[in-house]
Amino acid sequence: MSIQEFIAAHPSTVLHTPDDDIRTLVHTIGLSDFPYRNIHQQERLAADLERWPLLRELAGVDTAGDA
């Protein structure tokens, strides 16, 4: 499994915070099926998986095919 596949399969687990305007708007309007992705969080997870080999190993992510 590549890092990108791992990230896509594991949506944000961060608790909702009041400053998350998009999620607040989606919840308020009732668009629960809106396909919102936190790109910054996805990029940070990818960087963390690259930086921490043990985390990558525990997550079962294969980076051999990534470039």
Spacing of the two label points (7 Å from each Cα toward its C-beta) at ASN38 and GLU50, in nm: 2.0
Contour excess over end-to-end distance, with Cα ends at HIS27 and GLU57 and 0.36 nm allotted per residue: 7.3 nm
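Bear in mind that the values in this text are calculations on the coordinates, not laboratory data. Quick caveat: nothing in here was measured; it's all calculated off a predicted structure. Methodologically, a virtual Cβ is constructed for each residue, glycine included, from the backbone with ideal geometry; neighbour enumeration extends over all protein chains shown.
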